[in-house]
Amino acid sequence: MGTSLKAMSKLQIGDEFSDVVQVTDDMSPPHLPNKVLSTPDMVRLIEGTCLFGVQNQLEEGQTTVGIHVCVSHSAAVASGEEVLIEAELAEIDRKRLVFNIKVTHGDTLVSEGTHQRFVVG
């Protein structure tokens, strides 16, 4: 069994990763008068949750890179408020990982969709 296959065997469909992040003013689009979470920063939070979630399950020298993002952004979250980013590993196809994503603020659904990462190294 090759190194990459051995590392991938530690990852399992159904693995869940999450992070709680407080929105800050610098996460807001500069053209808006109200400070709210921007879509690019939301995507950055999603990618970070997936990246750091699987990192400790990979072999030394391996990491993942984002290759596809397909998410909604259906609610605003003001600076100072918190978001919960949840990712569930839904598919493993050789070195490609597919995550189901959900971002919430309290009971409000902020985003949902999928994110794909590829194991490199």
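Readers should treat all values here as calculations from the given coordinates under stated rules, not as data from a laboratory. Note that the structure is a prediction, hence the values are computed from the model and not measured. Note: ideal-geometry Cβ built from the backbone for every residue, glycine included; neighbour counts use all protein chains shown.
Remarks
- Adding -39500 (n - 2.57) for every DSSP H run of four residues or longer, then dividing by how many residues the chain holds, sets the calculated 222 nm ellipticity at -6000 deg cm²/dmol.
- Burial order of peptide ranges 43-52, 60-69 (average beta-carbon count within 10 Å, highest first): 43-52, 60-69
- Applying the Karplus relation 6.51 cos²θ - 1.76 cosθ + 1.60 with θ = phi - 60° to the range 33-43 yields 3J(HN,Hα) values of x, 8, 7, 9, 5, 7, 4, x, 6, 4, 4 Hz, where x marks Gly and Pro.
- Sorted on the mean count of surrounding Cβ atoms within 10 Å across their residues, most packed first, peptides 87-94, 112-119 read 112-119, 87-94.
- Shown for Met27, Met42: other C-beta atoms within 10 Å of each C-beta, ranked fewest to most, produce the order Met27, Met42.
- In terms of packing, defined here as the mean over residues of other Cβ atoms within 10 angstrom, the peptides 100-109, 16-25 line up highest first as 100-109, 16-25.
- Only lysine pairs 8 or more places apart or on separate chains count here, and in the range 4-121 those with Cα atoms under 24 Å apart total 4.
- Shape call, the chain: gyration tensor on alpha carbons, a/c limit 1.5: prolate
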